[in-house]
Amino acid sequence: MTAPKSLLTIDPHTRKRHAAERRFRRYGLAGIVISVAALALLLVSILHNGTSAFRQSYLTITLELPAEILDPTGARDRDAMARVTTLTYGPLLEQGLADTAGDLGLETGLSPRDMRQLISRQAAADLRYMVLDRPELVGTTIEFRALASGRIDGFLKGRVSRDSAERDGNISPEALDLAAQLAKAGRLGLRWNWAFITAPDASDQRPEAAGLGVAILGSVYMMLVVLVLALPLGTMASIYLEEFARKNRLTDLIEVNISNLAAVPSIVYGILGLAIFINFAGFNQSSPLVGGLVLTLMTLPRIIIPARAALKSVPPSIRDAALGVGASKMQSVLHHVLPLAMPGILTGVIIGLAQALGETAPLLLIGMVAFVRDYPAAWTPDSGLFGEASTALPVQVYNWTQRADPAFAERAMGTIIVLLALLLVVNAAAIILRRRFERRW
Amino acid sequence: MTDFKITARNVQVHYGTNHAIKDVNVDIADKTVTAFIGPSGCGKSTFLRCINRMNDTIDVCKVSGTITLDGEDIYDPRVDPVQLRAKVGMVFQKPNPFPKSIHDNVAYGPRIHGLARNRADMDEIVERALRRAAIWDEVKDRLSEPGTGLSGGQQQRLCIARAIATEPEVLLMDEPCSALDPIATAQVEELIDELRRSYSVVIVTHSMQQAARVSQNTAFFHLGSLVEFGETGQIFTNPVDPRTESYISGRIG
């Protein structure tokens, strides 16, 4: 017989158990610390590299708009003036910049023609549109805010230096010297750039003009298609499987298939969409309609699985109660089970939607990676609903990271910020909806 | 024969391969309380759920034999179980109010059966049901509060109010007091005695004292068979079957 143990001493076995528990807690804590650090690193790196995309360099140029060149007829008629192309406006800007520099007394050693290195190719087009919209400006001298070229933008943001300019020959060091002087004189600077969010994509030669407008619109259209199709289809399918279907071999088979479909790589859905929606059904490629349909296929199993889990988690006593007072099966589901399962179903829908929003691979296969300059219309008689070509945000990221000019890398990071912001909006909507539907027991 | 509200003849219930109810014959009189007693798993709840066809919701459950309500076979293919359940109300073991307001809990049955023509009508139905369930005074000032916020005993009486709001003819109660404390139990038992005036009540219970207190007739189930059925006093004082005798004296179950 052993001596009675005192509660005041801890026996070795208990000590060992406590040590194990402490170790276990430390593992958990380490896991959390590592994942939070990784997340913070990701956010910091994206914000650090991407926020500059929302600011763009602009030159303030004083220039004359000579009437004899811009409006040869003198009638200020829009159609007649539209015959004057961008090629005519370019030299005007170059001359204007040279004059502006001269007036400021800046030493340049650059000819007016060399000034084109500083000015974006987009600026001449912008100027032309402005003149066409406001013909009264012709014949006057205006202060025009012109997009600076991508290299100058890179110079102001620290991406391009005099050394790198000497090495790669994309821009002359003298142009950078002039840019530095113009910046000092307040004629060149970074401004908030709405065009990054609203403008369409631009060609390789003018990264400074590229924007996300088409991609955002395409993504929003696709989300609408997914929401309108996947929410009712997924909910109905899960209600039927969970509440009405008999449990037999066929439903087992369907269940296994749904679980497997949720794990199918998304690019497979891209091939399927290409075969069915484009080659067979003949919808326009690159269109948000096809993109939305493909993403719907991909999202459906990911909605059905959590929706079934949500329905399953509604206590059976509620179904009994409803049936017990003489409700039909459908009434018991619609009046009692579904409202209680709604928060869970919505969570699944939102997660599915968020995944669809960030999906790239299937969209590459249905042509959404194309270079699209025109905004897609929601509906036109020719194209049908959401049938016009567009791109999507994640594809835009992919697209821009493929391009040579480092200015596009900055814009790709900026795109990620927009994508994350959109996701945040979707998730916030989910939380608000869930709160609204949630009921206390 | 015609005096009986419910008659069951040769009722068999199979859960897949499990023969849960074996050849049960029972006659339940109108305006009486009939208690089903027996050890756990003896089939008394299963049989109770046959009377309003709640077993239909279980895929593997097969019921055979005949159960009649007022002489009509409730398992006739022409019978709609939804209509049957409006006539045969049910109260469950665990209080299961809907997560809605007290008013809506009671009003739900009458609403789906179209018993109220307008709002005032419905309010009257709700009040009458709550009064008969002896809970009106406790909840009349908070009808819009959730039914799930009530205490266990109040919730169970709310469920009884919900069941009687549709004016059923038979009320089935599946161990209605097993989750309640003695005070709430006493209230519910008093209520059952009260309800007997208008309904025929069938109650499943684990408590033999409760069966003795509230019922006029008692049926003893054992291993899926109906062992003995008779007047409550006779079953408890002078059982015919030795199994009944050993159950009520605490030797089996």
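A few notes on this one:
- Criterion violated by A:LEU87 - all others in (1) part of a helix (DSSP H, G or I); (2) exposed (fewer than 10 other Cβ atoms within 10 Å of the Cβ); (3) more than 43 Å from the chain's Cα centre (by Cα) satisfied: (3)
- Here A:LEU338 meets each of (1) buried (at least 23 other Cβ atoms within 10 Å of the Cβ); (2) within 22 Å of A:ALA237 (Cα to Cα) with one exception, condition (1).
- Selected residue (criterion: farthest from the chain's Cα centre (by Cα)) from residues of region B:144-172 that are polar (S, T, N, Q) and not in a helix (DSSP H, G or I): B:SER144
- Given (1) closer than 30 Å to A:SER149 by Cβ; (2) within 14 Å of another protein chain (Cβ to nearest Cβ); (3) among the charged types (D, E, K, R), index of the condition A:ASP204 fails: (2)
- Every residue from region B:222-253 that is aromatic (Phe, Trp, Tyr), under 24 Å from B:GLN12 (Cβ atoms) and open to solvent by 30 Å² or more (accessible area, probe 1.4 Å): B:PHE229
- Residue check for A:VAL214: part of a loop (DSSP other than H, G, I, E, B), open to solvent by less than 70 Å² (accessible area, probe 1.4 Å) and touching a residue at least 12 places away in the same chain (Cβ under 8 Å): no
- On the stretch given as region B:73-130, residues that are within 30 Å of B:ALA184 (Cα to Cα), surrounded by fewer than 16 Cβ atoms within 10 Å (Cβ to Cβ) and within 11 Å of chain A (Cβ to nearest Cβ) total 0.
- Region A:380-404: number of residues that are part of a loop (DSSP other than H, G, I, E, B) and either among the hydrophobic types (A, V, I, L, M, F, W, C) or open to solvent by less than 30 Å² (accessible area, probe 1.4 Å) (or both): 8
- Beta carbons closer than 6 Å, at least 6 apart along the sequence or on distinct chains, pair a first residue in region B:220-235 that is part of a strand (DSSP E or B) with a second that is open to solvent by less than 10 Å² (accessible area, probe 1.4 Å) and among the polar types (S, T, N, Q) for B:PHE220/B:THR244; B:VAL227/B:THR244; B:GLU228/B:THR244.
- The listed residues are A:ILE69, A:ILE34, and the only one of them that is of a type in the set (Val, Ile, Thr), part of a helix (DSSP H, G or I) and modelled with pLDDT of 95 or more turns out to be A:ILE34.
- Any hit, region A:133-145, residues being in contact (Cβ under 8 Å) with a residue 40 or more places away in the chain and of a type in the set (Phe, Trp, Tyr): yes
- Subset of region A:341-367 that is open to solvent by less than 10 Å² (accessible area, probe 1.4 Å) and over 30 Å from A:ILE278 (Cβ atoms) - its residue that is nearest to the other protein chains (Cβ to nearest Cβ): A:ALA341
- B:THR34 vs. criteria open to solvent by 20 Å² or more (accessible area, probe 1.4 Å), modelled with pLDDT of 90 or more and assigned to a strand (DSSP E or B): no
- Test: residue in region A:156-172 that is part of a helix (DSSP H, G or I) and touching a Lys or Arg at 6+ places or on another chain (Cβ under 7 Å): no
- Checklist (1) touching a helix residue (DSSP H, G or I) at 6+ places or on another chain (Cβ under 9 Å); (2) outside any helix (DSSP H, G or I); (3) more than 13 Å from every other protein chain (Cβ to nearest Cβ); (4) surrounded by fewer than 22 Cβ atoms within 10 Å (Cβ to Cβ) applied to A:ALA377, failing item: (1)
- Being modelled with pLDDT under 90 and more than 30 Å from B:GLY43 (Cα to Cα) is a property that holds for B:ARG117.
- Being under 22 Å from A:LEU97 (Cα atoms), at pLDDT below 95 and acidic (Asp, Glu) is a property that A:GLU166 lacks.
- Among residues of region A:413-441 that are within 14 Å of chain B (Cβ to nearest Cβ) and surrounded by fewer than 16 Cβ atoms within 10 Å (Cβ to Cβ), those with a Cβ under 7 angstrom from a residue that is at pLDDT below 95 and outside any helix (DSSP H, G or I), sequence gap 6+ or separate chain, pair up as A:ARG439/B:PRO99; A:ARG440/B:PRO146; A:TRP441/B:PRO99.
- A count restricted to region A:131-146 and to residues that are open to solvent by 50 Å² or more (accessible area, probe 1.4 Å) and either of a type in the set (A, V, I, L, M) or in a helix (DSSP H, G or I) (or both) stands at 2.
- B:ASP59 being over 14 Å from the mean Cα position of the chain (by Cα), within 9 Å of another protein chain (Cβ to nearest Cβ) and open to solvent by 10 Å² or more (accessible area, probe 1.4 Å): yes
- Within region B:187-199, none of the residues are out of contact with any Leu (no Cβ under 7 Å at 6 or more places or on another chain) and at positive phi.
- Restricting region A:294-336 to residues that are in a helix (DSSP H, G or I) and at the interface with chain B (Cβ under 7 Å from one of its Cβ atoms), the residue that is farthest from A:ALA392 (Cα to Cα): A:GLY324
- Test: residue in region A:385-397 that is more than 29 Å from A:GLY150 (Cβ to Cβ) and among the aromatic types (Phe, Trp, Tyr): yes
- The listed residues are A:LEU250, A:LEU272, A:LEU241, A:LEU261, and the only one of them that is open to solvent by 60 Å² or more (accessible area, probe 1.4 Å), in a helix (DSSP H, G or I) and within 14 Å of chain B (Cβ to nearest Cβ) turns out to be A:LEU250.
- Residues (in a loop (DSSP other than H, G, I, E, B) and either of a type in the set (A, V, I, L, M) or in contact with a Phe, Trp or Tyr (Cβ under 9 Å, 6 or more places away or on another chain) (or both)) located in region B:173-193: B:GLU175, B:PRO176, B:ALA179, B:LEU180
- So A:LEU274, is it touching a residue at least 40 places away in the same chain (Cβ under 8 Å), in contact with a Phe, Trp or Tyr (Cβ under 6 Å, 6 or more places away or on another chain) and within 26 Å of A:LEU385 (Cα to Cα): no
- Unique match (being among the aliphatic types (A, V, I, L, M), out of contact with any Gly (no Cβ under 6 Å at 6 or more places or on another chain) and not in a helix (DSSP H, G or I)) among A:ALA75, A:ALA80: A:ALA75
- Residue selected from region B:131-142 under the condition open to solvent by less than 40 Å² (accessible area, probe 1.4 Å) and either closer than 26 Å to A:LYS329 by Cβ or more than 14 Å from chain A (Cβ to nearest Cβ) (or both), by the criterion nearest to the chain's Cα centre (by Cα): B:ILE135
The values are calculated or read from the model by the stated rules, or taken from the named source; none is laboratory data. What you are looking at is a predicted structure, and each value in this text was computed from that prediction instead of being measured. Cβ coordinates were reconstructed from backbone atoms using ideal geometry, including for glycine residues, and neighbour counts include every protein chain displayed. Areas reflect the complete protein model, heavy atoms only, side chains present, ligands, DNA and RNA absent. Shrake-Rupley method; radii C 1.70, N 1.55, O 1.52, S 1.80 Å.
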